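Each remark here refers to the structure printed beneath this line.
A short reminder: the numbers here are calculations on the coordinates, not readings from a lab. Everything numeric here is computed off the predicted structure, so don't read it as measured data. Using ideal geometry, Cβ is built from the backbone for each residue, glycine included, and neighbour counts are taken over all protein chains shown.
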Amino acid sequence: MSAEQADLAPAKPGLGRRRFGCDGLLPEAFGLGFVGVVFAGVAAAYLICDYAWRQETIAARQSETEALAQTWAAQLGSAGDGDGQVINALGQSLGGFPQMRSLRWTAPDGTTRFEWPPSLSPVAGMPARPAAASGATGPPRIAATAPVRSARGEAPGSLRVERDAPPAGQRAFVLVAWGGAAGLILLAFAAFYQRLRRHLRPVAAIERSLTSYAEGLEKELLTLTLSDSLGAVARGWNRLIEQLAEMQRQQQSGCVGDASGNVLARFENAVFRRVLDRLPFGVVCVPPDQRVSYANAAAAALLGRPVNEIVHRPVGESIHNPAVQQAIAGVQARAGAGLSVDQTTGEGDHEATLRFRVLPMPAPPAGGDAVVTVEDISQLRETQRARDNFLYHVTHELRTPLTNIHAYAETLTQPGFDDEQTRKECYNVLISETRRLSRLVEDILSISQLEVGTARLDVGEVDLARLVRQMVQDNLGTADEKKIDLTLSLPPKVPKLKGDKQRLSVLLNNLIGNAVKYTPENGKVHVGVETSGQRMLIAVRDTGIGIGPEDQPHVFEKFYRAADDAVQMLPGTGLGLALAREVARLHGGEILLESERGKGSTFTVELPISATDPVEARER
Amino acid sequence: MSRILVVEDDPHILRLISMWLQRQGHVVLEARNGLAARDLVRAEPVDILVSDINMPGMDGLALIESVMGEGCVRRGVVVLTNRWDHAEIRDRLAEWGVQVLPKPFSPSRLSELVESLAASRKAGSVAVRPISSERGPCS
């Protein structure tokens, strides 16, 4: 389309087309006609004036010529027949006389007595040329005849004077000049008008389109097909109209709301679009031509490419999974009821799993389209893995005391094991394993509650010095068995803090018990308490087996136990430290670890003295 | 009377199995992990091996593979495990033809298995087939 055209056309073919200017032809023709009539009027007025002026000039020159003829006839008459002096003087004066054409004195007998211009005279007795012959050629002329009378009353002939009429050629030139000027002005006006119209055309078209659209006469806005020289208005309008057309197309494809085309539906669709763009999972619409018609922001993020590189392109470019593509084709052909496909990419920490769900469009008339939702289920997978791991460890840990209880209980029922010593041994194992099982269940329950935030702290004032002393006391027996030097140092005054005494005792018992458990015979375990600002520090230092740097980041994880044989040889569930850290955090504190393999470990519990807010802690 | 090695890291289970087998008149050796057990059978082969799977150091699978290949267990192996749900472990144990008792187990059932293995010796049959043809210290 040329730059001279300013057409309104739909953004996409097949939606109708309108040409600008058809309904604007009448005023344009009227304007041009008016200008033409003005020019014609001016020309007619000129012609009338020119005609009148010429007639007046002719009349004046006629009378002037008649007067001259009479004057000169009188002079010739008074001078007498054949007065050569008068004739010569007249002949010389005629040369300077304006518009003088000819002069002839004709005798009564028809002979020419005198003729001017001189080439024609004077030959007495020469027959006069017929007047018609002299007036048949050359420009129009004015003639006047006067009788020449002598003083004696004789009639020596007549004098005919001919002069040039006002020139007709001058008027034609002026007319041509006028016509040319008028034509040029008309052309210039037409060119200016054409240019102005071309510039105003998009503005008028936009205005008309918007008016029709706003009044509901049109169901779609029309785009402008213009040259770039027409500037930002057309480009901006076209961009706007393109976006709108895209939205309408999506409406018609059924992906976003209905396609009824009313203003309310458009508004709702805009809202839906914004809602879709804020969904945490991706939504991709695929029509039967397999070119994506819509993708929301989450889809772009999950598929790793911008929306404009997904939309209008084959779905295979953005979703590479063949199973998903097959499911889309199946759904579009109404052969499939939808499918869920998981796709894992990357390895290790970069592993990510996307779940694609392919669904048919729920209702006609949008049948044939497929909707693909995309979810990042990496976190879900990780959670499931953690849950499976947790269950595995729980069942494993539960089986150990259960195995003992089951085996010893059965032993008690056997006739061969009914001696007193064996029975006593069996009962002791049953009691200790039942306690172990109970403690394990308690720990699992506690840590689960703490993790999911359903645990409730029984907050009260805790005498920490007393609590620490008691926990050390509880572990003295085991320490003595291993000849471990378990010591405690307390400052003269230990401030009381707010907290859950029961849970804090579990925390301290786990730390001190671990220290004693993982310290070889004749080692040392020291528990120290000190205050630092608004925090209380409880350090449990041992000379045990220590924790390697590779295990340190994991020791607070549930069921984690170092692969070290020195650890595996000793019983344990891997829950003690996890539980201790949860309790510390629930009180607004933390547990820090310093350790070196083979030299020992120091676990330091930091607890706020007064800042602990039991409500906050409970809500955590 | 058979010479039986019991390998178990849990002291209560170890004590209980020993108690039961001794009552049946067998000679019972005890080990708390795979490495200690291997040293024992290499020093003097046993008739029957009763072993746990999950143990620190050398686990039960490595121990069984090692001692059966070396021919240090003459009659048979009984495995006690709480990892029976692991298909891989189950398949390997089935391939080796060892007896398996999932934990929690019944001591009387263990006694029956041990007795049947001990009886197979009396009948002169071979209950343990070597895993490999490699000749070990016990061959």
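Just a few scattered comments:
- Inter-chain Cβ neighbour average for residues B:96-109, partner chain, 10 Å: 3
- Separation of the alpha carbons by more than 32 angstrom is noted, of A:LYS424/A:LYS482; A:LYS424/A:LYS501; A:LYS496/A:LYS517; A:LYS424/B:LYS103; A:LYS498/A:LYS599; A:LYS424/A:LYS517, for A:LYS424/A:LYS501; A:LYS498/A:LYS599.
- In the elastic network of chain B, a GNM with C-alpha springs shorter than 10 Å, the most mobile of B:SER106, B:SER66, B:SER120 is B:SER106.
- Sequence ranges A:413-420, A:431-438, ranked by mean other-Cβ count within 10 angstrom, highest first: A:431-438, A:413-420
- Overall form of the stretch A:28-78: prolate. Here a/c, set by the Cα gyration tensor axes a ≥ b ≥ c, is 1.5 or more, and a/b is the larger of a/b and b/c.
- By average C-beta atoms within 10 angstrom, highest first, the peptides B:17-23, A:199-205: B:17-23, A:199-205
- Whole-angstrom gap from the stretch B:28-49 to the stretch A:305-363, using each part's C-alpha centre: 58
- Long-range amide H partners of B:ASN54 with built H, under 5 Å: B:GLY60, B:ASN82
- Protection proxy ranking for A:61-74, A:445-458, using the average of other Cβ atoms within 10 Å per residue and placing the highest first: A:61-74, A:445-458.
- Expected 222 nm ellipticity per residue - DSSP helices of 4 or more, -39500 (n - 2.57), all of chain B, to 500: -13500 deg cm²/dmol
- Classification of the stretch A:444-578 by its C-alpha gyration tensor yields an oblate form. The axis ratio a/c (a ≥ b ≥ c) is 1.5 or more, and b/c is at least a/b.
- Span from the the stretch A:515-563 Cα centroid across to the the stretch A:376-442 one, whole angstrom: 27
- For the stretch B:3-122: rounded, prolate or oblate by the Cα gyration tensor [a/c cutoff 1.5]: rounded
- Mean partner shielding of peptide B:10-21, defined as the number of other chain Cβ atoms within 10 Å of each residue Cβ, is 5.
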